[in-house]
Amino acid sequence: MAVGPVEYVILGFPENQFTGEIVPELAKLIENGTVRILDLVFVTKDAEGDVAVIEFDEHEGLVAFAELEGEVGGLIGQEDIDHATADLPPNSSIGLLVWEDVWATPFMEAVRRAGGEVLEGARIPHELIVVALEGVESGT
């Protein structure tokens, strides 16, 4: 089975403000073959600092996530949750998402056939890109 690059993102939601607003956009990415969801976990930290995993059916804002097509489960473990919540402020929540970049699978197969390998990769934070692009556009 060919597998494209796999990424993870940790999405922060201050004040535990989960909504289903991101579900339609995530569903579009799945439906058009851009990504394949491999795991998705929501976690909250209460005012006392206690951390809990939230099931989709336990929070009104998460119900829509249960409808997403994917192979959810098994990749995100307790160690990942502990790492992701270590610096999470009280009364905040996160979504941990692991997805395959399906769009890149043919390219990565070509790299492997050519004897190549990915040596490094990283997601550049939006804020850094905005500043860098503004600098390029202004010529500084």
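Among the residues of segment 28-57, which ones are under 14 Å from the mean Cα position of the chain (by Cα) and part of a strand (DSSP E or B)? Steps first, please.
As a first pass, look at segment 28-57 and keep what is under 14 Å from the mean Cα position of the chain (by Cα): 29-30, 34-43.
Hits for segment 28-57 are Val35, Arg36, Ile37, Leu38, Asp39, Leu40, Val41, Phe42, Val43.
Counting only residues that are of a type in the set (D, E, K, R) and either part of a strand (DSSP E or B) or buried (at least 17 other Cβ atoms within 10 Å of the Cβ) (or both), how many does segment 68-105 have?
Filtering segment 68-105 for residues of a type in the set (D, E, K, R) gives 69, 71, 79-80, 82, 87, 100-101.
Subset that is either part of a strand (DSSP E or B) or buried (at least 17 other Cβ atoms within 10 Å of the Cβ) (or both): 80, 100-101.
Summing the residues that are of a type in the set (D, E, K, R) and either part of a strand (DSSP E or B) or buried (at least 17 other Cβ atoms within 10 Å of the Cβ) (or both) in segment 68-105 gives 3.
Kindly list the number of the only condition in (1) hydroxyl-bearing (Ser, Thr, Tyr); (2) buried (at least 16 other Cβ atoms within 10 Å of the Cβ); (3) not in a helix (DSSP H, G or I) that fails for Tyr8.
For Tyr8, the exception is condition (2).
Give me the pairs, please: first residue somewhere in segment 112-140 and farther than 20 Å from Val9 by Cα, second residue anywhere and assigned to a loop (DSSP other than H, G, I, E, B), beta-carbon distance under 9 Å, and either six or more positions apart or on two chains.
The qualifying pairs are Ala132/Ile124; Glu134/Thr140.
Considering only segment 9-20, I want to know if a residue exists there that is charged (D, E, K, R) and modelled with pLDDT of 90 or more. Talk me through it step by step, then tell me what you get.
Of segment 9-20, the ones charged (D, E, K, R) are 15.
This time we only want the ones that are modelled with pLDDT of 90 or more, so: none.
The answer is no; no qualifying residue exists.
Just to verify a result, which residue in segment 1-52, among those that are in contact (Cβ under 8 Å) with a residue 12 or more places away in the chain and of a type in the set (Lys, Arg), is nearest to Ile81 (Cα to Cα)?
Lys45
The values are calculated or read from the model by the stated rules, or taken from the named source; none is laboratory data. Note that the structure is a prediction, hence the values are computed from the model and not measured. Cβ sites come from the backbone with ideal geometry, for glycine too, and all protein chains shown count toward neighbours.
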